[in-house]
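First the structure, which I've put down as structure tokens, then a few questions once you've had a look.
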């Protein structure tokens, strides 16, 4: 394909303009190429050369075995196949297999984030090369020499990201001895040249990491492992899912170190409940690795199509610099347009502003903040921006910021917006300052639903957790009521992690439908009047209002009675024998 001659390319273009990818015969080709005054013999040569170049498929004419039928292949398809292993787009199982090998290679000795950063760098490099190859072909077809085309095709205007050729994957890979230094130089330079990638690479340092000879060997092995596959044409769905797979695979290990990963099915439930739509904004003030925002995007894509998802506006803020980088990589891997992800402490310094410079508000606010986060008492929160507007219901105790997060999210929600938050159950019923805040929020009719989750869903705690849904524009039939859903029994066993549970698709469907319909079902869901909640001292503990019915086993009374009489007879017989033994003993 690189060296297809111009005369042949001109004839291919003529044929493609006439037939596209539809089938045609040799005589049809003669007519289509009449401008070139090619006779039947010359056309036969053209078709033979196109077949050798892989640009035409040939089969026997079923009506006449002496004739042939031809079908052109798009040049773009040939380029795509040449950039994929074995001429095929990489399948999900192939990429998962590759990542599983990488995970086995590092085990617990090396931070899993090195897998993600290398996967990301490989994707950037392969995509740049694919764009480069396609542009070279286009420019040579326009009449540039191959040397001119190759030089011109490096220009940043032709690429999504600016990557100097010396920092492409294969060039970095060649110098094994200086690999750590070159990787560090590459990611620093790439971040400087591409503002959208700022913050992604900043926390990764290959040089200090490979001071250990064993780690250097692991890095070299990872490079070689990733070099075995091309990622240029791998779909964003496969790449994004693979990225999430790495996060999920290492979640049990990282949970011990305090790193939180929200299970995908919990995100799916939250998004189903909040139901974002095209043209709406979604904000996660504790965006983590981006799962909530990606979940919202995928929901809209599924419900309204790709074009609908492109009209969704995504915003996120994350305080941890490494996690912030993971979030931006995750969003990029999923090929999600232009989300705004900012770095900083949300409770003190929320980054998003409206046109007047005030706190920006959104249609949907969704989060799984750190549970019972310490250090955000009244004195600290008053040092933050917009504190009067954000914490108007009061300040939480220093040892738990749960109701600080809820208030920030409510203040960041539009007048007809909704909030969905995952929290520790203690936030539902703790007394003191939290009860005062809870009372104010309830009396303002903002809380719409409380969902008690099953236990053992989360990697970092066995506690069940709860979802609170707030609605600033509750329908008339929902006003002065709160729907309580006891979903503690809605789970299946986790397929990979022993002792963990998970929400299955049917569990998610049942819970989401109960919320949407504001449905009451004995032992599962109940719409509780505000008066009853007040009588319970504003306690939102779900089991106060809804308790699953215990399954009562059907009993065959006659059979049970007969079995009891038989046991009693046996006891009597044993007692008689014991009495006899005692008499014999005197």
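What ranking do 449, 327 get, fewest neighbouring Cβ atoms within 10 angstrom at the top?
The fewest-first ordering by Cβ neighbours comes to 449, 327.
If Rh is defined by the Kirkwood formula over all Cα pairs and Rg also comes from Cα, what ratio Rg/Rh do you get for the chain?
1.13
What is the fewest-to-most order of 245, 371, 7 by other Cβ atoms lying within 10 Å of their Cβ?
So the residues, fewest neighbours to most, are 7, 245, 371.
Moving to a separate point now. How high is the FRET efficiency from residue 416 to residue 253, r the C-beta distance, R0 30 Å, rounded to 0.05?
Computed FRET efficiency for residue 416 and residue 253 comes out at 0.10.
Between the helical axis of 113-141 and the dominant principal axis of the chain, each derived from Cα atoms, what acute angle in degrees is found, rounded to the nearest 10?
30
Nearest 10 degrees is fine. How inclined is helix 402-411 to the longest principal axis of the chain, computing both from alpha carbons?
Its long axis makes an angle of about 60 degrees.
Take region 6-73, compute every pairwise Cα distance, and split them into 5 Å bins from 0; I just need the percent in each bin.
Histogramming region 6-73 at 5 Å steps yields 4, 18, 33, 28, 13, 4, 0 percent.
Between residue 477 and residue 355, take the C-beta separation as r, use R0 = 35 Å, and let me know the FRET efficiency to the nearest 0.05.
That pair, residue 477 with residue 355, gives E of 0.50.
Relative contact order of region 266-544, please, whole-number percent, based on alpha carbon pairs below 8 angstrom and at least 6 residues apart.
Answer for region 266-544 is 15 percent.
Please provide three numbers in whole Å: the alpha-carbon extents of region 330-471 along the principal axes, with the largest listed first.
Largest to smallest, the principal-axis extents are 40, 35, 30 Å.
For residue 306 and residue 225, FRET efficiency with R0 = 45 Å and r from the beta-carbon atoms, rounded to 0.05?
After rounding to 0.05, the efficiency reads 0.90.
By count of other Cβ within 10 Å, fewest leading, how are 470, 547 ordered?
Fewest-to-most ranking of 470, 547: 547, 470.
Let me have the relative contact order for the chain, percent, based on Cα pairs under 8 Å that are six or more residues apart.
Across the chain, relative contact order equals 8 percent.
Another question about this same structure. Using only Cα atoms, find the angle between the long axis of helix 92-106 and the longest principal axis of the chain, and express it within 0 to 90 degrees, rounded to the nearest 10.
Between the helix axis and the principal axis of the chain, the angle is about 70 degrees.
At 0.890 mPa s and 25 °C, plugging the Kirkwood radius over alpha-carbon pairs of region 266-544 into Stokes-Einstein gives what diffusion coefficient in µm²/s?
Stokes-Einstein gives a translational diffusion coefficient of 129 µm²/s.
First obtain the Kirkwood hydrodynamic radius of region 449-571 from its Cα pairs, then insert it into the Stokes-Einstein equation at 10 °C and 1.306 mPa s, and state the resulting D in µm² per second as a whole number.
Answer, rounded: 93 µm²/s.
Could you give the length gained by full extension between residue 181 and residue 16, i.e. 0.36 nm per residue of separation minus their alpha carbon distance, to one decimal place?
54.5 nm
Consider all pairwise Cα distances in region 194-312 and report the whole-number % of them above 18 Å.
Tail of the P(r) past 18 Å holds 68 percent of the pairs.
Sorted by average packing, counted as other Cβ atoms within 10 angstrom per residue and highest first, what order do 561-567, 428-434, 296-302 take?
In decreasing order of mean packing, 561-567, 428-434, 296-302 become 296-302, 428-434, 561-567.
FYI, it's all coordinate maths here, none of it is from the lab. For clarity, every value in this text was computed on a predicted model and none was experimentally measured. When we count neighbours, we look across all protein chains shown, and the Cβ atoms used for this are built from the backbone with ideal geometry, even at glycine.
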